[in-house]
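Structure first, commentary second.
The values are calculated or read from the model by the stated rules, or taken from the named source; none is laboratory data. Everything quoted here is computed from the prediction, not taken from an experiment. A quick note on method: Cβ atoms are made from the backbone with ideal geometry, for glycine too, and the neighbour counts reach across all protein chains shown.
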Amino acid sequence: MNSTVNTEAKAIQRLSPEWLDKAEYPFESRFQLIEGHAMHYVDEGQGDILLMVHGTPVWSFLYRHCIKHLSAHYRCIALDHLGFGLSDKPNNADYTPQAHARRLTAFVNALNLKDITIITQDYGGPVSMDYAVHHPNNVRRLIVANSWMWSLPRMEQGGKIFNNALGKWLYLQYGFSPKVLIPQSFGDKKKLSPTVHAHYLAPLDTPTNRIATFGLVQALDGNRAWYNTLQTKASMLADKPILILWGMRDRFVRAIDHLPLWKSLWHKAEVVEIPYAGHFVEEEASERILEEMQRFLERTRS
């Protein structure tokens, strides 16, 4: 563990919340101190580094199937952004996507990760692409699922809808994001079991613990300059091996809006459309995406 992790973080590392099913998530918890806060991550296996970067309102639990299977041949690292999962949730932190990107860069530097493959989805896309376009020489390949790296009118409108007193109440007091948006994001809601859903509800159980989710929905609007920078620099990644996985029943990050943009940015990318899955393909189509990931990783292994 990096020397910057203090005694308090080491003590936290030994703890596991009662609600966490260790059969579902049987990984050793580790903590890295970033900007004075403990960020949780798992680090399983050896070999090429696969860095898994989640979006909102989920956490590294989303990648549990990937970690279980891929860690036999790869070093799988999955972090929880500040304000999510088992990471600290300070009520006065900066929860803009730019801040998450800054902390991701600090995390990669702290662990001295080299020649990484980024696996990402949802808001993890622009957050991790910020790292990738500024450090292309340290990125080996990319796997992107149901994500974006631009600002579109429909997304900006979503930010405007919730950026008010009612939206704040829905996100902080009611827990709208994990309670409503996660089930609505599934192509088939029956595939979201109560046990799995509980693992996304539990880390976001109080208004303070939900601040990060509200920060990211607010940030859907008003960040065009940042997104424009990402798009402008995206060509620096065009020659990397790239796999795009897409749940075609995604109601929020819709294929009709986003897939053409990914294809226009990266003409050589492999695109796999999964017709029955929604936004969280890692949950709904875990076997299929693992097959696609394993094939892609093996084919692009040097």
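Key figures
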item	result
Any hit, the stretch 144-161, residues being over 17 Å from residue 265 (Cβ atoms) and hydrophobic (A, V, I, L, M, F, W, C)	yes
Any chance residue 130 is more than 25 Å from residue 294 (Cβ to Cβ), of a type in the set (Asp, Glu) and crowded, with 22+ Cβ neighbours inside 10 Å	yes
Which listed residue is more than 20 Å from residue 95 (Cβ to Cβ) and either surrounded by fewer than 16 Cβ atoms within 10 Å (Cβ to Cβ) or β-branched (Val, Ile, Thr) (or both), from 140, 154	154
Of all residues in the stretch 68-78 being in contact with a helix residue (DSSP H, G or I) (Cβ under 6 Å, 6 or more places away or on another chain) and assigned to a strand (DSSP E or B), the one that is surrounded by the fewest Cβ atoms within 10 Å (Cβ to Cβ)	78
Options 40, 81, 100; residue that is in a loop (DSSP other than H, G, I, E, B), at pLDDT 95 or above, touching a Phe, Trp or Tyr at 6+ places or on another chain (Cβ under 9 Å) and not small (Gly, Ala, Ser)	81
Members of the stretch 124-159 found to be hydrophobic (A, V, I, L, M, F, W, C), in a helix (DSSP H, G or I) and under 13 Å from residue 238 (Cα atoms), listed by number	129, 132, 133
Listing of helices (runs of 4 or more DSSP H) fully contained in the stretch 201-299 that carry 3 or more residues being under 15 Å from residue 150 (Cβ atoms)	224-233, 255-265
Single residue of 180, 144 found to be under 17 Å from residue 250 (Cβ atoms) and without any contact (Cβ under 8 Å) to a residue 12 or more places away in the chain	180
